[in-house]
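Report on the following structure.
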Amino acid sequence: MVVIRREPAVVAGEGDAAMATKRSTGTTRKPTAKKAPAAKAAAKPAVKKKAVLAKAKPAAKTKNVAAAAKGGTAAKPARDVGPPRPNELREWQALERHKTKVEKLHLRKLFADDPQRGKKLVLETGDLYFDFSKNRITDETLKLLRALAERCKVRDGIRAMFAGEKINITENRAVLHVALRAPRDAKIVVDGENVVPAVHAVLDKMDAFAKRVRSGEWKGHTGKRIRNVVNVGIGGSDLGPAMAYDALRQFSQRDLQFRFVSNVDGTDFVEAVHDFDPEETLFIISSKTFTTLETLTNAHSARDWALAKLGDEKAVAKHFVAVSTNAKEVAKFGIDTANMFEFWDWVGGRYSYDSAIGLSLMIAIGGDGFRDMLAGFHQMDEHFRTAPIEKNLPMTLGLLGLWYNDFFGAETVAILPYSQYLDRLSAYIEQLDMESDGKSTDRQGRPITGYQTGPIVWGTPGTNGQHAYYQLIHQGTKLIPADFIGFARPNNDLGRHHDMLMANFFAQTEALAFGKTSDEVAAEGVPAAQVPHRTFRGNHPTNTILVKRELTPHVLGQLIALYEHKVFTQGWIWNINSFDQWGVELGKVLANRIIPQLESKEEPKLDHDSSTNTLIQRYRKIRRG
Ligand code: F6P
């Protein structure tokens, strides 16, 4: 089943852009020649749209990319038909007009005008207290942003996702990471089958295996117990477990060591295992497709490394397990499919670490810890699904991000956790957000023009960032909205450390919002020549997520689901498919062409551009002598 959004939104004969103009100017303008087909088509019955969507089948992928790589023309993807684009909606245009008023306001004034602002613009759910008062918004802004979300039918999108509808339209797949954390008695049907029992069957199998490894019952080929676990995977098959293991290492079994190998650079593998004994090492080969070049290359090196000491092919069964949707390829690699942990095509790679992809994490923190994390995810899922928009934390986070991204021209979002355990959080959210919403084609296959989609995501834990790049956030020329994530309780209560950390946490959002005027600087006796340099204009927007306790598996689940659903909210409003990632394919195809050109003994015939040809020739000369 394919979900088509917003069909009834436009009345035949009057496109939304025209309606918006009518409202703002008092006259009706005809849609421009360029916009006319879109407006017209939007008024047509759904049949036509179905035909357009049906065109975008995944089978076209490799052919089109290969054709494009050769300089050929890919199948014509776009037709200017479909619902109005978000920026043609009157709600969007109302925000554009509203922005011209808000941009003149300073947070200093907004707080001075309403002493209760810091108490009013907050939301709470589960363990999260969310203060969004230090944003460049008024009550009117929130009203208009929420109206946009309503108009774009974000609720319908949420319902469709949770119902297992195939909202990943270019791959014709359901998007059901929420099923991975659904309780045992839940029912979520995909293609006529309730998927929840299968989810729990895999969780139970993981749990049983994790118990055996943790207890030492699972022995290596030579009878030694497993001391080292190496996850081999990349992208969503690496970032999630690696981030979560770092985040939750306090809850991990400390006599086991965990490492994560992702890069095809041999250094990654060599360094990961340099002090490990193959007899005590278990490899988890994690790959949804089990065809990913980096992962397969690392997996083969791991097998060579292990067998060099263990000798016998039979050792593979004791030292290698797989997590994949592709049993055929797993078997081909030589891993017994009895030692394969399954997941499903309705779990996107970047949404998968709470599936079997989290096996390494489950071995680290145990089945109970893992389930506690899933319960945290589920709690946020339920909040997202059921809370009204005014109380909905992921929707609010998404709408605020969209406000700066689309109306203030902000290009990035900084994720700034004040927890060393969240060292890898922004790397994880990079993939989650940028692979999901880094799109320039809308759901109807039309090129996106006139509005922005996904932001650039970056960041590192505070307070390190404060002594590095915060200078630019405070005094640079760019607008950098930032999410500050801090914890009311420390995980490691060491002397004064936590209060110092949190003092910095609170100080930064205060400084960013209110700055320091030149009068204030001069009044401190600063020499006149230095005053402009030491002035802080402030008015930098931040969100504060204050977790009401320390970082736990349950809290981590809530945080990650919060960002997943933020990404969903934005992607739905931008009318893009947040669940495919065709943009990564071209580079893969080209790399596969180049590999034999680097490896061949004879001088290859190169037919790239002059830059690529010369670079390859230089490389060959240096490498091959
Ligand atoms: O190349 C991008 C990507 O497909 C990601 O979406 C995915 O998480 C990663 O590669 C790894 O893919 P796999 O799990 O199939 O090895």
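The values are calculated or read from the model by the stated rules, or taken from the named source; none is laboratory data. Note that the structure is a prediction, hence the values are computed from the model and not measured. Cβ sites come from the backbone with ideal geometry, for glycine too, and all protein chains shown count toward neighbours. When the accessible area is computed, the model is the full protein with side chains, heavy atoms only, and any ligands, DNA or RNA have been set aside. Shrake-Rupley method; radii C 1.70, N 1.55, O 1.52, S 1.80 Å.
Quick notes on this one:
- The set of residues in region 440-466 being among the hydrophobic types (A, V, I, L, M, F, W, C) and in a loop (DSSP other than H, G, I, E, B) consists of Ile448 alone.
- Residue within region 136-144 that is open to solvent by 20 Å² or more (accessible area, probe 1.4 Å) and closer than 30 Å to Gln581 by Cβ present: no
- Residue count for region 239-263, restricted to those that are within 16 Å of the ligand (Cβ to nearest atom) and open to solvent by 10 Å² or more (accessible area, probe 1.4 Å): 4.
- When Ala327, Ala387, Ala375 are checked against the criterion of being among the hydrophobic types (A, V, I, L, M, F, W, C), open to solvent by 30 Å² or more (accessible area, probe 1.4 Å) and closer than 30 Å to Arg159 by Cβ, Ala375 stands alone in meeting it.
- A single member of Asp372, Asp381 is under 19 Å from Ser355 (Cβ atoms), part of a helix (DSSP H, G or I) and in contact with a Lys or Arg (Cβ under 7 Å, 6 or more places away or on another chain), and it is Asp381.
- Some residue of region 467-479 being surrounded by 19 or more Cβ atoms within 10 Å (Cβ to Cβ) and touching a Leu at 6+ places or on another chain (Cβ under 6 Å): no
- Condition check for Leu556: within 21 Å of Leu393 (Cα to Cα) and either within 16 Å of the ligand (Cβ to nearest atom) or open to solvent by 10 Å² or more (accessible area, probe 1.4 Å) (or both): no
- Scanning region 214-234 for residues that are open to solvent by less than 10 Å² (accessible area, probe 1.4 Å), closer than 14 Å to Glu279 by Cα and part of a loop (DSSP other than H, G, I, E, B) returns Gly216, Gly220, Ile226.
- Count - residues of region 436-457 that are more than 16 Å from the ligand (Cβ to nearest atom), within 21 Å of Phe407 (Cβ to Cβ) and within 19 Å of the chain's Cα centre (by Cα): 6
- Boolean, Asp433 is acidic (Asp, Glu), at pLDDT 95 or above and within 13 Å of the chain's Cα centre (by Cα): yes
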